[in-house]
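*Asks:* Dropping a structure here in structure tokens format, bear with me for questions.
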Amino acid sequence: MYKTSFNYELKIPVMIASAGQEVKAISIEVFAPTNQVMNEVGIIDFEFNKAGKNAIKESSDVLKDISPEVVEKIQKREKKEGEISGRQIVKEMTMYGADINRCFFALKNILTAGNKEQPVCKIDNEKMTAPIFDSLGFDDTKSILGEYIINFLDISQDT
Amino acid sequence: MSVGFTDGQIRINNVAVPVVPGTVNRKKGRGETSVEAQSLGAGIVDTVHTVDTKTMVSFFHFSMKPTVENMALVDAWKLAVGLNTIKYIGEEINEVYEQMSVTNDPEYPDSNDGVIVVEFEGNPLIK
């Protein structure tokens, strides 16, 4: 199903300016990508697919030497484990050779794009800006990148 | 030896703002204190210290180059009466000025060496 936005709750709240006051913000809303950020979305998509391709290649090399029964067991266990988290996606992308720094820079450009009236990302109803993004915790940034991929780019989640 | 502080970062409403170096001037809004003597007679005096709460207003002044982007920023701040937040950050400095208004009517000079003078006033400093 096509998603128009997703919400994420920060593990480490950040201080932002809102309506003339400094407040602690914890909630982030990210909107689906438009062509305004197509270059940056393309970078993340490319790196995600590159890692996916490497993972398939590596696992097929490993599975070659394993009996079909064991392969079936592994697949069943993976299904049982259920949905993959955002952090897990980023971890696996890093393991399988994605340029994750490039993805973080692209994510920063995506989330800070747009204007006050039409932001790509809102943090407690304020537009995400570069200084706010810089103050986010790294763990949260990894999770947001992963959630962005799961919600907007990873077509395997559609089924 | 001490090094003077001249290069803090200014963030207004979560946006980093470019200013003309050396033009930032700020007052924390602690208020003016008047000190007057009261006499106990025989040449003995005591002093009375009073903070004038009417003067407990912070100010934050700076100048910007008259670019199109800067003019748009100043316009938005001017319209947000009492709704601007200024964060001033540097080594050992992290000041937050809340509920600030642009009190002057900024002029936008059409010259390459002109500057836009912006004067904010608002709540006393909270940090």
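The values are calculated or read from the model by the stated rules, or taken from the named source; none is laboratory data. Quick caveat: nothing in here was measured; it's all calculated off a predicted structure. Glycine also receives a Cβ, built like all others from the backbone with ideal geometry; neighbour counts cover every protein chain displayed.
*Asks:* With respect to residue B:68, is the statement that it is at pLDDT below 95, more than 13 Å from the chain's Cα centre (by Cα), among the aliphatic types (A, V, I, L, M) and over 19 Å from residue A:21 (Cβ atoms) true?
*Replies:* yes
*Asks:* Mind listing whichever residues of region A:112-130 are of a type in the set (A, V, I, L, M) and at the interface with another protein chain (Cβ under 10 Å from one of its Cβ atoms)?
*Replies:* Correct list: A:123, A:128, A:130.
*Asks:* Restricting to region B:101-127, count the residues that are within 14 Å of another protein chain (Cβ to nearest Cβ) and either touching a residue at least 40 places away in the same chain (Cβ under 8 Å) or closer than 11 Å to residue B:74 by Cβ (or both).
*Replies:* Residues meeting the conditions: 7.
*Asks:* To continue, here is another question. Based on what the data block shows, is residue B:115 of a type outside the set (D, E, K, R) and either within 15 Å of the chain's Cα centre (by Cα) or exposed (fewer than 13 other Cβ atoms within 10 Å of the Cβ) (or both)?
*Replies:* no
*Asks:* Also, quick follow-up: Within region B:64-75, is even one residue touching a Gly at 6+ places or on another chain (Cβ under 9 Å), of a type in the set (Lys, Arg) and either in contact (Cβ under 8 Å) with a residue 24 or more places away in the chain or surrounded by 12 or more Cβ atoms within 10 Å (Cβ to Cβ) (or both)?
*Replies:* Yes, region B:64-75 contains at least one residue that is touching a Gly at 6+ places or on another chain (Cβ under 9 Å), of a type in the set (Lys, Arg) and either in contact (Cβ under 8 Å) with a residue 24 or more places away in the chain or surrounded by 12 or more Cβ atoms within 10 Å (Cβ to Cβ) (or both).
*Asks:* Which condition number in (1) more than 18 Å from residue A:105 (Cα to Cα); (2) among the hydrophobic types (A, V, I, L, M, F, W, C); (3) surrounded by 13 or more Cβ atoms within 10 Å (Cβ to Cβ); (4) more than 14 Å from chain B (Cβ to nearest Cβ) is the one that residue A:56 fails?
*Replies:* Only one criterion is unmet by residue A:56, namely (3).
*Asks:* Being among the β-branched types (Val, Ile, Thr) and not in a strand (DSSP E or B) is the filter; apply it to region B:85-127 and report the residue that is nearest to residue B:27 (Cα to Cα).
*Replies:* B:126
*Asks:* Further, regarding this structure: Evaluate the following for residue B:85: is it in contact with a strand residue (DSSP E or B) (Cβ under 7 Å, 6 or more places away or on another chain), under 16 Å from residue B:13 (Cβ atoms) and of a type in the set (Ser, Thr, Tyr)?
*Replies:* Yes; evaluated as a whole, the condition is true for this residue.
*Asks:* Out of the residues in region B:19-34 that are assigned to a loop (DSSP other than H, G, I, E, B) and more than 19 Å from residue B:52 (Cβ to Cβ), which is farthest from the other protein chains (Cβ to nearest Cβ)?
*Replies:* Filtering first and then ranking leaves B:22.
*Asks:* Given the criterion of a type in the set (A, V, I, L, M), part of a strand (DSSP E or B) and more than 14 Å from chain A (Cβ to nearest Cβ), identify the matching residue among B:16, B:37.
*Replies:* B:37
*Asks:* Keeping to region A:11-49, report how many residues are within 14 Å of another protein chain (Cβ to nearest Cβ) and under 18 Å from the mean Cα position of the chain (by Cα).
*Replies:* Selection size over region A:11-49: 1.
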